[in-house]
Every structure is written in C-alpha cells, then in structure tokens.
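Student: Input: one structure, supplied below.
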Amino acid sequence: MNVLELFKKITTFVFDVDGVLTDSTILLLENGLQARRMHIKDGLALQMAKKNGFRVVVISGANSKPVIERLNKLGIAEVYMAVEDKKVFLGNYIKTQGLVWEELLFMGDDLPDLMMDHRQIAAEALSTLQTHLNYHPIGYNLLPAKFTMPQFQKLYETILDKKLDRRNFQRKILSYGILKRLKEVKKGGAHKAPYLYSFDLRKYHKALKEGLQSW
C-alpha cells in the first residue's frame, strides 16, 4: 500500500509557529525588540498548499504582529495568535468549520502541542495500524525475538479488535512464509508447551515490500 493513501482525507494543515515555522531561535535586537527567523522555502510550501486547495491554519501561544504580517503576505489569512489552549481552540474550530479530526494534520514541537486530543491521536494510530495490517506483516517491533503462535494471534486480535479462529490464523500466517518454527518450546505452562517462533527477516522484509493478502 502506498503511504500516501493514508493522507487522502486530509483537507487542513494546522501549524504552530515557534519551532515549526521558525528555527526556534529568538533574536534579541538592540532596540529591545525580539525577532524570529522563518525559512523562505517554508513560505513557498505554504503557498503551494493553498494553491492546491488545502486549508492552512496557524495557531500560536505567542503574539507577534510581524509573524501575522509575514503569513498574510503568503496568503495565509487564518492566523490565530495568543491561543492559550490549542486543544480547546481546535475543537471549537472544527465544529464551527464543519470539519472532522480525520481531515486535520497538525504539526507542533513542544509540550502544549502534545496535549492535543490524545484519544484522536490514539484512534488514528490504531486505524493506521489496522490499514497496514491488511497489506503488510507486523510484529517484528511488537513481539519478543521468540514468541508463540498464541502470542502472535493475540497481537492481531488486539489490533483488529475481534477474535480469530486459531486454525485459520495459523494456516494463513504460515502460508506467508515469514516465520521460522524453532526447536524450542515455551516452558512453564499448564498445558502442552507451544513451539516458539521467530521471524525470517529476509522474507519478512520482502513481504513488507510486496504486500500480503487482506485479512
């Protein structure tokens, strides 16, 4: 799956200013004023986004008239300064503009920015993982180096939020050829000790490139 498919719903870019549209430095001038540095190529990118039909919104906790003037010259009219709570502001903005969270792509660089809607971030991350699961193998970075088939199935069930038939799951997973069954078994269980598996990294990475059948 092309990663660009994941961004088809995006209609609106939301940017912080300091550390995102600037290089995070504050210039202290002799007249007592402070200045920020912005990159000309970022300005070009903002203009291209507008020309391609995207909505561009800038919000910042600071208040700078030169920043507003610079962005207005680039064609960015929606510049909101001195915003104390960006999460609340964006929630209200989405409602008034008739948008949904899935249409927004937000970029920030500090702790207040990380306090955006965590539930939405988690939901989007899970949705992305579920989409990825339909086309590519997962587990290499989510499981120990050696794992059992029930552990692998539990991972899939957790992500898909549904129960999977044990026999069908094992048959399908093994058909991909991305696992190696080891001679070791997991010890300490009350029932028959299950075999341990590991990933065949060469075949795993090949499957990442070529894709898998959908679940």
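Student: Of the trypsin sites (Lys or Arg not before Pro) in segment 10-92, which ones lie in a loop per DSSP and count no more than 15 other C-beta atoms within 10 Å?
Tutor: ARG37
Student: Please compare each pair in LYS163/LYS187; LYS180/LYS209; LYS146/LYS192; LYS8/LYS41; LYS51/LYS209 to a cut-off of 22 Å on the Cα-Cα distance and tell me which ones are over it.
Tutor: Long pairs (Cα-Cα over 22 Å): LYS163/LYS187; LYS8/LYS41; LYS51/LYS209.
Student: Which loop trypsin sites (Lys or Arg not before Pro) in segment 149-188, with loop taken from DSSP, have no more than 12 other Cβ atoms within 10 angstrom of their Cβ?
Tutor: Sparse-neighbourhood loop trypsin sites (Lys or Arg not before Pro): LYS162, LYS163, LYS187.
Student: From the residues GLN47, LEU27, PRO194, which one has its Cα farthest along the dipole of the chain in the positive direction, the dipole being from +1 and -1 charges on Cβ of Lys/Arg and Asp/Glu about the Cα centre?
Tutor: Working it through, the farthest residue towards the positive pole turns out to be PRO194.
Student: A further question follows. Considering only GLY91, GLY53, GLY43, give the residue with the highest GNM mean-square fluctuation for the chain, with springs between Cα atoms whenever their separation is below 10 Å.
Tutor: Highest fluctuation among the options: GLY53.
Student: If you don't mind, there's one more thing I want to ask. When the helices in the chain are scored as -39500 (n - 2.57) per DSSP H run of 4 or longer and the sum is shared across all residues, what 222 nm value do you end up with, to the nearest 500 deg cm²/dmol?
Tutor: -12000 deg cm²/dmol
Student: If the elastic network links every pair of Cα atoms under 10 Å, which of LEU179, LEU29, LEU143 fluctuates the most in the Gaussian network model of the chain?
Tutor: LEU29
Student: Also: Which shape class applies to segment 1-98: rounded if a/c is under 1.5, otherwise prolate when a/b exceeds b/c and oblate if not, where a ≥ b ≥ c are the square roots of the Cα gyration tensor eigenvalues?
Tutor: The shape class here is prolate.
Student: To continue, here is another question. How large is the translational diffusion coefficient of segment 134-210 in µm² per second when you combine the Kirkwood radius over alpha carbon pairs with Stokes-Einstein at 37 °C and 0.692 mPa s?
Tutor: 250 µm²/s
Student: Quick check: the angle from helix 201-210's long axis to the longest principal axis of the chain, C-alpha only, nearest 10 degrees?
Tutor: 60 degrees
Student: Looking only at GluC sites (Glu not before Pro) in DSSP loops with at most 13 other Cβ atoms within 10 Å, what is the longest site-free stretch of the chain?
Tutor: 85-215
Student: Where the centroid of each part is defined by its Cα atoms, how far is segment 53-97 from segment 172-188 in Å?
Tutor: What the calculation gives is 52 Å, centre to centre.
Student: Is the shape of segment 47-106 rounded, prolate or oblate, going by the alpha carbon gyration tensor and its root eigenvalues a ≥ b ≥ c, with a/c under 1.5 for rounded and a/b larger than b/c for prolate?
Tutor: Judged from the Cα gyration tensor, segment 47-106 comes out oblate (a/c at least 1.5, b/c at or above a/b).
Student: For the chain, take the longest principal axis of its alpha carbons; what is the angle in degrees between that and the long axis of helix 86-97, to the nearest 10 within 0 to 90?
Tutor: Its long axis makes an angle of about 80 degrees.
Computed from the coordinates by the stated procedures, all read-outs in this text should not be read as laboratory data. Predicted, not measured: the structure shown is a model, and the values here were computed from it. Neighbour counts run over all protein chains shown; Cβ positions are idealised from the backbone, glycine included.
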